[in-house]
1. Could you tell me which residue of the range 98-114 is modelled with the highest pLDDT, considering only residues that are under 10 Å from VAL165 (Cβ atoms) and among the aromatic types (Phe, Trp, Tyr)?
2. What's the number of the condition LEU6 fails, among (1) in contact (Cβ under 8 Å) with a residue 60 or more places away in the chain; (2) surrounded by fewer than 22 Cβ atoms within 10 Å (Cβ to Cβ); (3) of a type outside the set (S, T, N, Q); (4) closer than 21 Å to VAL91 by Cα?
3. Tally up the residues in the range 199-245 that are modelled with pLDDT under 95 and either closer than 21 Å to SER7 by Cβ or aromatic (Phe, Trp, Tyr) (or both), please.
4. Restrict the check to the range 181-191 and report whether at least one residue is in contact with a strand residue (DSSP E or B) (Cβ under 7 Å, 6 or more places away or on another chain) and buried (at least 16 other Cβ atoms within 10 Å of the Cβ).
5. (1) within 25 Å of GLN196 (Cα to Cα); (2) at pLDDT 95 or above; (3) not hydrophobic (A, V, I, L, M, F, W, C); (4) not in a strand (DSSP E or B): which one isn't true of GLU5, the others all being true?
6. Which of the residues that make up the range 64-89 are in a strand (DSSP E or B), touching a residue at least 24 places away in the same chain (Cβ under 8 Å), surrounded by fewer than 19 Cβ atoms within 10 Å (Cβ to Cβ) and on the phi < 0 side of the Ramachandran plot?
7. Of the residues ILE163, ILE200, ILE159, which is within 22 Å of ILE24 (Cα to Cα) and within 15 Å of the chain's Cα centre (by Cα)?
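The values are calculated or read from the model by the stated rules, or taken from the named source; none is laboratory data. Bear in mind that the values here come from a model prediction, so they are computed numbers and not experimental data. Cβ atoms come from the backbone with ideal geometry, glycine included; neighbour counts cover every protein chain shown.
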Amino acid sequence: MHNIELSTKDLNVFYGEKHAVKDISLDFAAKQVTALIGPSGCGKSTFLRSLNRMNDLIDGAKITGEIWLGDENINDPKTDVVLVRQKIGMVWQRPNPFHKSIYENIAFGPRYHGIRDKRKLDQIVEESLTKAAIWNETKDRLNKSALSLSGGQQQRLCIARSIAVSPNIILMDEPASALDPISSAKIEELIADLKQEYCIIIVTHNMQQAARVSDKTAFFLMGDLVEYDDTSKIFTNPSEKRTSDYISGRFG
């Protein structure tokens, strides 16, 4: 049995009057990939962004319910959101490197959290870029701008940046949707490697990608969690007709 890394209990998200996510209770295990699937506007990205309190930044957003990271309910108003985001990293749909050198993109987070020793920073930069499978492509150009990298490389750099602060969990919001097929395949391989160490939660529109990379799949529809199970079961023998209709392409 995998240890539970993160749980939600009766999580709701409202944007003004709109009830975007309805009473979601889900457990996410260590060293597993969970895919969140469903048509556009079904609440999956909203749910994902709640998990590290990113919806706090949206005017009119109200979040109720509990999000448990270990024995702490991180949805509590007293929670230190900076620490939450250190433990729960985020990779966005479009690569968003800082306008800094490759080295500074990775060293920024650890330095922000108090690491000043140059040797230690060098080590974190190398380890993070290695884990993100981009060290060999960057090691001779660490002082070059991160914006000089290709889109696929920039996305791996952003994954390295999230790893650099030693998170437990990495959230990925359609991390390959803006990339070409070869770069997408590299991101999928990378996810398979990273799950040896992290709990990964990924929103994807791409059914084949969900089937390839994830251990568990949660199907969202109109803000509801319709079904959650092993990925192999969801894709071959779902319990809910709405799930099979979506997966077979009858709507969405």
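1. PHE108
2. (2)
3. Within the range 199-245, residues that are modelled with pLDDT under 95 and either closer than 21 Å to SER7 by Cβ or aromatic (Phe, Trp, Tyr) (or both) number 0.
4. yes
5. Result: GLU5 fails condition (4) only.
6. Keep residues of the range 64-89 that are in a strand (DSSP E or B), which gives 64-69, 72-73, 88-89.
Still in the list and also touching a residue at least 24 places away in the same chain (Cβ under 8 Å): 64-69, 88-89.
Then keep just the ones that are surrounded by fewer than 19 Cβ atoms within 10 Å (Cβ to Cβ); that gives 64-66, 68.
Answer for the range 64-89, where residues must be in a strand (DSSP E or B), touching a residue at least 24 places away in the same chain (Cβ under 8 Å), surrounded by fewer than 19 Cβ atoms within 10 Å (Cβ to Cβ) and on the phi < 0 side of the Ramachandran plot: THR64, GLU66, TRP68.
7. Going through ILE163, ILE200, ILE159 in turn, the sole match is ILE200.
Listed here are the residues, each with its yes/no results for (1) of a type in the set (D, E, K, R); (2) part of a loop (DSSP other than H, G, I, E, B).
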| residue | (1), (2) |
| --- | --- |
| ILE106 | no, no |
| GLY114 | no, yes |
| GLU126 | yes, no |
| ASN136 | no, no |
| GLN153 | no, no |
| ARG161 | yes, no |
| SER177 | no, yes |
| LYS186 | yes, no |
| ASP193 | yes, no |
